[in-house]
Each structure stands twice: as structure tokens, then as C-alpha cells.
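What follows is a short report on a single structure.
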Amino acid sequence: MNNYVIKFNKQKVGDMAKRQTEVGRIQLWKFLTFSRFGNNFKINLLALLGLAPIVYILYAMFSENFAAVANLPFTSFVGVGYPLVTDSLESAFVASQAIFMNYAVFMLPIAVFISMILTIPAQYAARNFVWSEGFFHFNHIIKSFKLNIVNRTIIGAVSAVFTLFATYMIYLIKNSLFYNGYSFLTILAIIGIAIFCVLAVLVTLYAMSISMTYKSSIVAVYSDAVGLTIKVLVQNLFVLIPVVFPIVLIYGIIAFVPMLLPIAFTAIMFIGVSWIFITWEVFAQYVFGLVESSREKLNKKKSKSR
């Protein structure tokens, strides 16, 4: 990080881009998350509206998958007059894969693209919330679109391609595991797609934050996003754990304690999405501050050498 100079344009976007008095990042995160719950809740509602296409696709996919599998007979003999299914497990898997292809591979990338654009106001509010350390006026929705629509549309298109590649690879891996079981190649494929997904998420998060905070071309945005993803990879992986905690919580409850799902969804409705936005923005602005500090030191060294 000490020798890395990011190509940030010094001009900030928006009226709330000036930092107030610096405090520790952890203290700032705790203050914004718990002591400013009202503003957190507003950001969360705005974010949920933006994420509605993704939520709908995932809900429809899980519901249809459950209905399709539940309606299949799971015994070789279910009574006179009923169809005989000799391999109900394979029938269930084929039905599940068809639903996954329809929703996750074909429709989810489109939903991701739309949500990337619709969540501009929520992330803009979250970014202002972090930069002003808890104080902002919730009235910049139209302005946020005008400032960020071009770069965010391109980021949304790239994210849709990432999603399409990841979901299709998951489809192929699931198919291979069911028919062929685990092998050295399938294990490599699982590791590879996991690494790809983590890096793609980090690059996308950085691209969103850089584009939201600085005036810069989309080429410079992605160049900086990839640079920061690799340059501070350890810190990125560490902070990604609390960032994705709400998502992991939902999947964990679905898998192990489905009866608690309404409670988990209620928590997500109140604070889950804003938790993700604010946790990431606090970290991203911390990284941006390190980079700018590093650049200033480098410039001072150059001026002294002259």
C-alpha cells in the first residue's frame, strides 16, 4: 500500500464528500450502525426497493424449486393408477437444474443489472452517511442518478456478465457432481469458481465505491478497483466476512433452522442491506484515505529529491 498510487481524480462528486473530524474506523462503524439506527433504516428501505428484482428472482426460484421437488413421488410404488418413477432422485435433480437454468442463469443477470442502477440512491446515501460521519440530508435521490448513471450502467452490465458466468459454471459443476461425483477436476473447478466469485465481488464493490466517490472514467474506475482488490487482498478478505454476514445468516437459517427464517428476514428488512452498504463504505473510505496519504508522502519525497 505504501508504494501504490491510485489514479483518483481529486475532485469529489456530490455535496457531502468532505470528511469531518476523523475517528477510528471501527468506532465510526459502530456509531453509524447502532447509534444512527433511524438513518440506517431509511437507507435499508431504499436499498430493498433497489434490490427488489434480485429478491423476486431468488424467491421465485426457491419457491418453484420447492414446489417441483415436493410434487415428485419419492417411492418406486405409490399405488395403483399412479405413474411409476424408478429414479425419483434423478427426476428431482433434473427438475431442479431446469429451474436453476431458467432463473439463475437466464434471469438473475438481468435482475442484477437492473438492481445495480436502482440501488444508486441507497449507496449514494450510504456513502454520504459515512463521509459526514452520521449526518446527511436524505434528499439527493435525483442528483445521485445524474452523477452516477453512466458509470453505474457500465458497472451493472459488467456485473451481469460476471453473474452469468458464475451461475452457468455452478450449473455445470452441479451437473458433474450429481452424475460423476467428486473428482480432482471438479474440486479444482469448485475452488476456481469460488475464487472468481470472491474477486468479482471485491472488484465490483470497489468499482461502485470509486465511481460513487470520485469523478473518473470507467477505465480508470476498473483499473483502480482491480489494483485495490489485489493490493490489499488480505484486508479485503477479512472485511468481506462482516460485509456478507447477513447473506450467510439467511442461507445458514434456510439450511439448518428454517423455522427461524421469518425472524431473519425481519432483521434483513430493518438493517441487513444497509449493514452491507455501510460496512463496506466505511472500509472503502478507509482504504481511499490510506491511498491518498501514500500519494501525498510520495509527492513530498519527489519534491524533496528535486
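Read-outs: derived from the displayed coordinates by stated rules, not from any lab. Nothing here was measured: the structure is a model prediction, and the numbers come from that model. Positions of Cβ are backbone-derived with ideal geometry, glycine not excepted, and every protein chain shown enters the neighbour counts.
Quick look at the numbers
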| item | result |
| --- | --- |
| Ala98/Lys30 FRET efficiency (R0 51 Å; Cβ-Cβ; nearest 0.05) | 0.65 |
| Debye equation applied to the C-alpha atoms of the stretch 201-261, log10 I(q)/I(0) at 0.22, 0.23, 0.25 Å⁻¹ | -0.83, -0.87, -0.95 |
| Rg over Rh [alpha-carbon atoms, Kirkwood Rh] for the stretch 25-305 | 1.05 |
| FRET efficiency, Lys146 to Lys297 (Cβ-Cβ, R0 35 Å, nearest 0.05) | 0.50 |
| Gain in span if fully extended, Ile173 to Gln235, counting 0.36 nm per residue against the direct Cα distance | 19.4 nm |
| HN-Hα J in Hz across the stretch 118-134 - Karplus 6.51, -1.76, 1.60, θ = phi - 60°, x for Gly and Pro | 5, 8, 4, x, 5, 6, 4, 5, 5, 5, 4, 4, 6, 5, 8, 6, x |
| Efficiency of FRET between Tyr56 and Ile263 - r from beta-carbon atoms, R0 35 angstrom, step 0.05 | 0.95 |
| Packing rank of 95-101, 277-283, 161-167, where each peptide gets the mean count of other beta carbons within 10 Å, highest leading | 277-283, 161-167, 95-101 |
| Distance (nanometres) between label positions extended 7 Å along Cα→Cβ at Phe37 and Leu89 | 4.8 nm |
